[in-house]
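Structure, as C-alpha cells:
The values are calculated or read from the model by the stated rules, or taken from the named source; none is laboratory data. Because the structure is a prediction, the values reported are computed rather than measured. Because the Cβ atoms are built from the backbone with ideal geometry, glycine has one as well, and the counts that use them run over all protein chains shown.
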Amino acid sequence: MAEADSKVSDSQVEVRAPSQVISEIERTRENLAQTIDALTERVSPGSIARRTLAKAREQVSRPKVQLIGGAAVLVTVAVLAIGMWRRRH
C-alpha cells in the first residue's frame with residue numbers, strides 16, 4: 001500500500017478549505033434536487049397525458065397536404081374517366 005501512496009506526488013493533491021468542500025456539497029445537492037424534480041415531472045402520469053394530448057392536437061391541426069393532394073388527384077382521375085366513358089356511350 002505504501003507504494004501506491006508514494007506514486008501520488010504533492011503537486012497532484014488538491015488541498016481545499018472545508019468551506020469550499022461544504023459549498024461544493026451544497027451545489028451538488030441542489031443540482032441533484034433539480035434533476036430529481038425534472039425526472040419526477042417527466043415521468044408523472046399527468047405530464048405524460050398532457051404531452052400525449054398536445055402531440056395529438058398538433059397532429060390533428062396540421063394541414064394534411066398529402067391527403068388533400070391525393071384527393072385532388074383522385075377527383076381529377078374520376079372526372080377524366082367519367083368524361084371518357086360519356087364520349088364512348
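Within segment 42-52, can one find any residue that is assigned to a helix (DSSP H, G or I), modelled with pLDDT of 90 or more, surrounded by fewer than 10 Cβ atoms within 10 Å (Cβ to Cβ) and not aromatic (Phe, Trp, Tyr)?
yes
Residue check, Arg27 against (1) modelled with pLDDT of 95 or more; (2) in contact with a helix residue (DSSP H, G or I) (Cβ under 9 Å, 6 or more places away or on another chain), all met but one. Which one?
(2)
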